[in-house]
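The values are calculated or read from the model by the stated rules, or taken from the named source; none is laboratory data. Every value quoted in this text rests on a predicted model; they were computed, and no experiment measured them. Neighbour counts run over all protein chains shown; Cβ positions are idealised from the backbone, glycine included. Areas reflect the complete protein model, heavy atoms only, side chains present, ligands, DNA and RNA absent. Shrake-Rupley method; radii C 1.70, N 1.55, O 1.52, S 1.80 Å.
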Amino acid sequence: MSWAVEEWKEGLSPRVLQKIHELESQVDKLKKERQQRQYQLETLEAALQKQKQKVENEKNESAILKRENQSLMELCDNLEKAKQKISHDLQVKESQVNIQSGQLNSCKKDIEKLEQELKR
């Protein structure tokens, strides 16, 4: 088949044939360059898709971390409130202990006085 492709060139001057050959070489070179660029484009598109997926994964992970952070902040608030309540309850109980301790001391003094009176 290649002879049919070449047949149309018969009878052309050497200068024209040289120019045709140069143009065909240039076409081949451009085809190869186009293939290389197409491959580069496909490679870059694949890399872009990979980066987009990575960004999407990062966004998802960020959202998860934000929710987890919010949950932990709420937990800390609840623990702080519980700590304050326990601290308040402790102060109340210490006050009660102090009052009862004072009452105990008063009772001891009363007992001592009564014992002294009994001895007399």
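Six or more apart or on different chains, Cβ under 6 Å: which pairs go from a residue in segment 100-119 that's surrounded by 10 or more Cβ atoms within 10 Å (Cβ to Cβ) to one that's modelled with pLDDT under 95? Could you list them?
Close Cβ pairs satisfying both conditions: none exist.
Within segment 75-88, can one find any residue that is more than 21 Å from the chain's Cα centre (by Cα), surrounded by 10 or more Cβ atoms within 10 Å (Cβ to Cβ), among the β-branched types (V, I, T) and in a helix (DSSP H, G or I)?
yes
If you check N69 against the conditions, is it open to solvent by less than 100 Å² (accessible area, probe 1.4 Å) and more than 30 Å from E7 (Cα to Cα)?
Judged against the criteria, N69 is a match.
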